[in-house]
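What follows draws every value from the coordinates through simple rules; no lab data is involved. Everything quoted here is computed from the prediction, not taken from an experiment. Here the Cβ positions follow ideal geometry from the backbone for every residue, glycine too, while neighbour counts run over all protein chains shown.
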Ligand SMILES: [Zn+2]
């Protein structure tokens, strides 16, 4: 009985000590959103939840460095700061880095055949409007002074 308790305790201690930082880092996400108060770029923080497949909790916190807004927030698609209208669909990017990655993905799509990741499984409309997407993202990047494109 005592041994079992000790083992259990040691196990827990081990688990806590080694990968703690990593687990924490992987469990939170952030999305650049339109500030509900001033409409500038704010940041939405949320945690990844779920057992089998993790997804961001739509209930999180928003903080804005522009107006100081700081509050709980329920995320919805209209909050995305980075979005591109593609025909009748909308392409969303969580962050500027991801927007740039999306631009490069569509820009290099023809040359790069090694992209069969389920993360990059987009509607057909996106593929038939690749040039349009690249152009629109470049326009956003230009406005953000991340220019010239890499
Ligand atoms: Zn704000």
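Residues of region 62-90 with amide nitrogen under 15 Å from the 7 Å Cα-to-Cβ point of residue 144?
Within reach of a label on residue 144, which here means backbone N under 15 Å from a point 7 Å along Cα→Cβ, region 62-90 contributes 80-85.
Multiply the residue separation of residue 66 and residue 39 by 0.36 nm, subtract the distance between their alpha-carbon atoms, and state the gained length in nm to one decimal.
8.8 nm
Using the 10 angstrom Cβ neighbour count as an exposure proxy, how do 92, 52, 82 rank, fewest first?
So the ranking, lowest neighbour count to highest, is 52, 92, 82.
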